[in-house]
Structures are given as C-alpha cells and as structure tokens.
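The structure under discussion appears below in the form of structure tokens.
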Amino acid sequence: MSTVDSFGAKSTLTVGSTDYEIFRIDTVAGHEKLPFSLKVLLENLLRTEDGANVTKEQIEALGSWDPTAEPDTEIQFTPARVVMQDFTGVPCIVDLATMREAVTALGGDPNKINPLSPAEMVIDHSVIADLFGSENALERNVEIEYERNGERYQFLRWGQSAFDDFKVVPPGTGIVHQVNIEHLAKVIYDRSVDGVLRAYPDTCVGTDSHTTMVNGLGVLGWGVGGIEAEAAMLGQPVSMLIPRVVGFKLSGEIPAGVTATDVVLTITDMLRKHGVVGKFVEFYGEGVASVPLANRATIGNMSPEFGSTAAMFPIDDVTLEYLRLTGRDEQTVALVEAYAKEQKLWHDADRELAFSEYMELDLSTVVPSIAGPKRPQDRILPLRGEVAVREGHPQLRRRRDLGLRRRPRGRRHVPGLGPRFGPRPRARARHRDRGARLVGSPRERLQPGARHHAGGPVVPARQWRGHSGSHHLVHEHLEPLGHDRGRPPRQERR
C-alpha cells in the first residue's frame, strides 16, 4: 500500500460509469522512451512507493534508464498476484496454516495471517490419468483423483475458505498456464484498496518456470521458487536490478503453412545465439499485429529455453480479441483498452522506443522446421531447398563432404535421424551398388570382393559390411550408423 506520492502521480480514470484510481507514469521524466515492460515496472514503483522499500530515487533511476549501461540499480517489484501449481503451492498453504497455529498458541488472532497479494493455485502437476480412450475417462479420472488424495483436497478446501484472496482451481480444469491466460489473467487488474477501486497493470510471479507464457497477453511475470512465491504472498517485494531490454522487431506476416512451432523455433534459435540470459525481451514493430495470441503465448512459454527473464508482447487489438474470446465481460475489455491508451502502454508500431540491444525478423522468411531430437529448443530445417543450403544443414554438409551429388538408391532418409542405409522392401534384388559411381581401372573394378564409392579409391572387401543381401561401405573415419537391426554381420565371401 502506497503511503508516499512524491511525483503527484495519483489520478482518476473513468471507464463507462466506473471511476478507477490510477498512478500516471507520465509524471516521471523520461517515461516516453521506456519500453513497455519498464513502463509496467515504473507504474509499480509509483503505486508502491513508501519511502523505505520503494524510494523516490528508485523511481528517478528507472525514469532516467540508460539502455547501454549494465544493470546496477536495485528496485523492489511488487507483483499483483501469485500463481502456483500444486507441487510447490500446497507447501505454501501448509506454511500459512502453521503460522496461524503458532499465532493461536501465542494468544493472537489467527485471522491476521492472510496472503497480502492475491494467490491462485491450479491443481495440475500431480494429476494422474488412470483411464483413457473411453467416453467417461475425464470424469472417472477426476473421481479417482479425489478418492486417492481426499485428505489433500479437504485441506485445500479449508484453505480457500479460511484465507482471504486465495483460490484453488480444481483438477480436470486444465494446466496452470492455460488457466492463467484464459481465466486468471486480467491484463489490467482492478482491486479495492482502502475502499477505493484501483486499476493497475496485471503482473505475477509463479512457481513454474513457464509462467512467462502469460507474457504473450501483455502481463509481466516470470517463474520463481516456492520461498520467493510465499514471500510475495505475504507482501514482500521482489528485489531485482533494472534489467537490460532486448528489442525484437517483427515485420511481415507469417506465410501459409507455417505453424506457431516454426515461428517459435526460429525466434528461439535467434535469441539463443544472441544471448539474452537475465534480460527482458520485448517484441515490437508492424509485424506484431499479425501474430495471433496463441503464437505469442507459445513464444513467451519458451522464455526459459532461450534464457530471458520475460518475453513481452504489448497490449493491442489482438489482446482485446482474445479477452472477448475467453469470456471476459465488456467492462473488463473496456478497462484494458482505456487504461493501456491512457498510460501509453498501447502498442504503436510508429513510436520510437529505446532498447539495450536490437534484433529483427521478417516473419515472411520463416520456413517449416522441426524441434531438435536432443533439445526441443533446437530446430532442424528441411533437407532440401535453398534455405537449407544457406543455413548449412548438417545433412547437406555431410553429403558434400562425402562427395555425393544425389542420394544413392537404397539409402532411406528418416526425418530427424538423417539417411539410413538398407534396401527398400521392393528393391532388394536391384539394390546392389546403384547410385554409386565406380572409380579406378577396369582391372581394379573386376577384383573379387572389391567395391567402390564415389570420389574414393578402391576399398578391400574386408571394409565392407553386408546386410539383407547388400553391401555398404564403412569409412574408417566415420562411425557406423547403427543399422544392424540386431542381425549378425554377413560372412565374408571367399
């Protein structure tokens, strides 16, 4: 609760017939050049200024933010709410219940122990699917879950009724991130403080690393540990340095046939190469309007994979459309639009903002790709096409190093695993040596047991392995591809 207003930021915003108390960020010098995410932090400091934890100097430092400087100024960020999944959320409620028990033992009022920031817990991580493939699988799984963990749900039901500003989302509703963006997130939060209805940007911390999925909705938030989440519930601000912000400009439109996964893997690949650990990433530019909210949420969800603290999209018409799609009432949508435009949080592609670092992507150049077989955040481009050649696809490099101009018959290409040797079922009889150009003199080629490879010398028969009636060259400098299929090697002919 703010007790100091050094900048005279307190004002009133009227939406429809409702008045909201707001703290205007345009009262701080330098606000107009700040990125979207730092404007959210600036409003947070103005609203929570108390002269002790949040001081006038912190607000001035944020207003005069130097994009090129290394982070060195510490601020106290107070999230609007806390989102928890059940693995780490249940212990937090146990701690609150223990505190109440201790206060009661000391003769105090246990009702004074309450979350000071609204807290919401979604039961999803511990849920087990016992049944599947039947019409009543969902209902039966929920029933079994309640039977198996009845004591836990009795405790959580008590906690929801005993504590103020604490809600539990029951199992079978959805995963925490889905529930967060579809139901819990307000984009602009409204809450009664000392009898006055106040509006401010929705922010959150969550006990899951992928809490950043809500960044796609224009909500600043990230994952924290259980101890930090519990401290935030009890009103303790999150101590952090004013971060560097990477501006990621988007232009063009996503072409037909390109999925959200393709866009996400492309952006993730670029950000990992650039290096964004400990930084905010913020998307801007004319291309932002063409990115659906599902894609935005997926990009935000990958923030832990490329290492940024948050990956923000600003508030715009796409945000409003999603709020209507998910059943928010018109007063909520109107508040989001009016507040964002009043506080200069509405996305304007023509507005010049200052960033610490700059990146750019033309969405029309994104091509279909798949996730890497070892790390999901990596991507593998199509084997063929100019894009694969330009990017230096590893399979193309290997074929080039071997001197191959085309794929020999009998070699099968397995997506994600590369070429695999061995005849196709219908080509066993015609498979031998097709597609390989013979080298050497006729006399050398007629030697018994000799086989030849494009671009290489004559190889003795002992360096050949046969499988399924065919022969394949095994180079001494290459590891076998593991295509034996459990069969013993063919006996050498004499």
*Within the set of pairs 6 or more residues apart or between chains, which connect a residue that is hydroxyl-bearing (Ser, Thr, Tyr) inside region 231-260 to a residue that is in a loop (DSSP other than H, G, I, E, B) with Cβ atoms less than 6 Å apart?*
251/285
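Among the candidates 61, 69, 52, which residue alone is more than 33 Å from the chain's Cα centre (by Cα) and open to solvent by 10 Å² or more (accessible area, probe 1.4 Å)?
Values: 61 fails: more than 33 Å from the chain's Cα centre (by Cα); 69 fails: more than 33 Å from the chain's Cα centre (by Cα).
The conditions single out 52.
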*asked:* Test of understanding: among 129, 162, 105, which residue is surrounded by 14 or more Cβ atoms within 10 Å (Cβ to Cβ) and hydrophobic (A, V, I, L, M, F, W, C)?
replied: 162
*Considering residues of region 324-356 that are within 23 Å of residue 250 (Cα to Cα) and in a helix (DSSP H, G or I) only, the residue most open to solvent (accessible area, probe 1.4 Å)*: 341
*Looking at (1) closer than 20 Å to residue 310 by Cβ; (2) in contact (Cβ under 8 Å) with a residue 60 or more places away in the chain; (3) not in a helix (DSSP H, G or I), can you tell me which one residue 69 breaks?*
(2)
*Give just the number: which of (1) surrounded by fewer than 18 Cβ atoms within 10 Å (Cβ to Cβ); (2) modelled with pLDDT of 90 or more does residue 260 not satisfy?*
(2)
*How many of the residues making up region 3-29 are part of a strand (DSSP E or B), touching a Ser or Thr at 6+ places or on another chain (Cβ under 7 Å) and either open to solvent by 20 Å² or more (accessible area, probe 1.4 Å) or of a type in the set (Asp, Glu) (or both)?*
2
*Could you tell me whether region 37-48 includes any residue that is under 19 Å from residue 232 (Cα atoms) and either out of contact with any strand residue (DSSP E or B) (no Cβ under 7 Å at 6 or more places or on another chain) or free of Cβ contacts under 8 Å to residues at least 24 places away in the same chain (or both)?*
yes
*Return yes when residue 173 is under 23 Å from the mean Cα position of the chain (by Cα), open to solvent by 10 Å² or more (accessible area, probe 1.4 Å) and among the β-branched types (Val, Ile, Thr) and no when it is not.*
yes
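The values are calculated or read from the model by the stated rules, or taken from the named source; none is laboratory data. The structure presented is a predicted model; accordingly, all values stated were derived computationally and were not measured. Note that we place each Cβ from the backbone using ideal geometry, even for glycine, and neighbour counts take in every protein chain shown. In case anyone asks, the SASA skips ligands and DNA or RNA and just uses the protein heavy atoms, side chains included. Shrake-Rupley method; radii C 1.70, N 1.55, O 1.52, S 1.80 Å.
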